[in-house]
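The values are calculated or read from the model by the stated rules, or taken from the named source; none is laboratory data. Please read all numbers here as calculations on a predicted model, not as lab measurements. Note that we place each Cβ from the backbone using ideal geometry, even for glycine, and neighbour counts take in every protein chain shown.
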Amino acid sequence: MTEGRGSAMAAAVVFCLVAAVLHCQVAQAATYVVGGRSGWTFNLSNWPHGKNFRAGDVLVFNYKRGAHNVVAVNKAGYNGCSSSPRNAKVYTSGKDRIKLVKGLNNFVCTLPGHCGAGMKIQIIAS
């Protein structure tokens, strides 16, 4: 009778390990450095092309602190290069890490002239 319990216990342990591995593979988010080696800079609107973003992935915005910022904005804020809505989150650390949400994610630099010079990106996360 103890032999049967041992087999059942071993099967349960194997099942839990397989479930944990599968869960880790599904839950693992990717990290992307915006702009690659150049970092968060001008003319980045094409940077997202060819990448497969998912909700939960992390974007890292590297830039010299004080030289730029990163503002998560809605579509109108992206199109108009403004921090719309007014309560938009502004990041200024120079090493900002932002988790993507499902759907459209828009980011701009709101320092004068920066967004207009292409310092903005739009990302769709599945």
Query raised in the report: What single numbered condition from (1) free of Cβ contacts under 8 Å to residues at least 24 places away in the same chain; (2) among the polar types (S, T, N, Q); (3) buried (at least 18 other Cβ atoms within 10 Å of the Cβ) fails to hold for Asn105?
Result: (1)
Report task. Run down Phe53, Phe61 and say which single residue is within 16 Å of Val34 (Cβ to Cβ) and in contact with a Gly (Cβ under 9 Å, 6 or more places away or on another chain). Result -> Phe61
Query - Residue that is modelled with the lowest pLDDT [pool: residues in region 33-47 that are of a type outside the set (Gly, Ala, Ser) and crowded, with 17+ Cβ neighbours inside 10 Å] - result: Leu44
Requested in this report: For region 66-80, enumerate the residues that are surrounded by fewer than 19 Cβ atoms within 10 Å (Cβ to Cβ) and more than 17 Å from Ala55 (Cα to Cα).
Outcome: Gly66, Ala67, Lys75, Ala76, Asn79, Gly80
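Can you say whether Asn87 is at pLDDT below 95, surrounded by fewer than 17 Cβ atoms within 10 Å (Cβ to Cβ) and within 17 Å of Thr110 (Cα to Cα), as far as the supplied structure shows?
So Asn87 passes the test.
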